[in-house]
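Trainee: One structure follows; several queries about it will come next.
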Amino acid sequence: MDTTAATMKLSVIIPVYNEVGTVQELVERVLAVPIEKELIIVDNCSTDGTRELIGEFDYPQVRTILQERNMMKGNSVRKGIAAAAGEYLVIQDGDLEYNPQDFVAMLELCEQADVLAVLGSRIAGARQRKQRLPTSSYSVGREFINKVFRLLYASKLTDIATCYKMAATETLQSLDLRCNSFDLDFELAAKLTVLAKRRGMRVAEVPIEYRPRSVREGKKVRWQDGLHALRTLWWCRLAEPLATVASEPAGRAGE
């Protein structure tokens with residue numbers, strides 16, 4: 001392992017597919033966050049020039065992984081998690097819906113001894129700013145899935161579908177992650193919640209900024225993904241605890 005990378009505070013995993021219009025600015029925004037970090041961009045066989053563009057990046061903090069074929073977003077995130085070397089890890093979409101400056105508050109909370117993971121809540125962020133997120137089929141489905149999650153997992157989390165999920169890298173690498181598509185977001189929320197309860201810790205939330213884009217602008221989530229999300233929450237809930245989490249890294253539970 002690269003010893004320089006091993007000293008990094010944060011690994012930022014950026015899965016991309018056909019984001020040629022946003023990925024350059026997104027990377028610059030992430031690099032501007034005042035945290036020692038590495039960026040791992042995983043391209044899922046883009047066809048719009050994204051693959052060629054990231055191949056031209058000349059940032060020492062950026063590494064790229066090129067998928068050999070379209071393996072879907074969740075698989076790309078899993079590849080990034082496996083390659084990460086930072087102390088903590090966060091997932092960042094390749095568009096401009098989220099503000100990477102929110103990493104600062106998330107990391108500060110994630111470093112608390114009783115916190116296993118931190119989710120960036122778009123719902124809490126809108127409430128804090130006294131705004132309403134746009135109403136759409138996405139927002140209705142998101143709130144229904146949140147309610148199902150809260151019932152299944154006795155949780156108070158407000159936004160499990162958020163891209164922004166942060167935890168110690170060793171924690172995320174220890175999870176037996178299986179999902180390959182957008183349902184990985186829900187597998188992560190479920191397994192982190194189960195693991196936090198086993199350790200007597202918690203999954204916390206931080207209000208974040210969010211500027212949603214439309215399908216016309218490149219949004220890739222579809223209504224079918226909501227059905228996959230519900231199925232994922234159900235099988236994670238029914239799974240035996242020892243099967244849900246493959247192994248527990250030493251060092252965090254006793255802090």
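Trainee: Hey, got a sec? Which GluC sites (Glu not before Pro) in the stretch 63-169 land in a DSSP loop and have at most 15 other Cβ atoms within 10 Å?
Mentor: Of the GluC sites (Glu not before Pro), the ones in loops of the stretch 63-169 whose Cβ has at most 15 other Cβ atoms within 10 Å are 68, 111.
Trainee: While we're here: Given R₀ = 25 Å, what would the calculated FRET efficiency be for residue 64 paired with residue 109, taking r from the Cβ atoms and rounding to 0.05?
Mentor: Computed FRET efficiency for residue 64 and residue 109 comes out at 0.25.
Trainee: Another question, if that's okay. Could I get the Rg over Rh figure for the stretch 93-207? Both from C-alpha atoms, Rh via Kirkwood, rounded to two places.
Mentor: Rounded to two decimals, Rg/Rh equals 0.94.
Trainee: Residue 239 to residue 211: extension gain in nm, 0.36 nm per residue of separation minus the Cα-Cα distance?
Mentor: 6.6 nm is the gain from fully extending residue 239 to residue 211.
Trainee: May I ask for the percentage of alpha-carbon pairs in the stretch 7-244 that lie more than 30 Å from each other?
Mentor: Pairs farther apart than 30 Å: 19 percent.
Trainee: Also: Would you work out which of 104, 83, 117 lies farthest towards the positive end of the dipole of the stretch 59-122? Charges go on Cβ: Lys and Arg +1, Asp and Glu -1.
Mentor: 83
Trainee: Placing +1 at every Lys and Arg Cβ and -1 at every Asp and Glu Cβ, with all other atoms neutral, what dipole size does the stretch 60-139 have around its Cα centre, in debye to the nearest 20?
Mentor: 400 debye
Trainee: Would you mind ranking 133, 31 by Cβ crowding within 10 Å, fewest neighbours first?
Mentor: 31, 133
Trainee: I've got another one for you. So how strong a dipole does the stretch 1-154 carry about its Cα centre when Lys and Arg Cβ are +1 and Asp and Glu Cβ are -1, to the nearest 20 debye?
Mentor: The dipole of the stretch 1-154 has a size of about 900 debye.
Trainee: Follow-up question, since we're still on this one. Tell me which of 10, 235, 206 sits at the most positive position along the dipole axis of the stretch 7-244, charges placed on C-beta atoms (Lys, Arg +1; Asp, Glu -1).
Mentor: The listed residue farthest towards the positive side: 235.
A short reminder: the numbers here are calculations on the coordinates, not readings from a lab. Just so it is clear, the structure is predicted and the values come from calculations on it, not from any experiment. We place every Cβ from the backbone using ideal geometry, glycine too, and count neighbours over all the protein chains shown.
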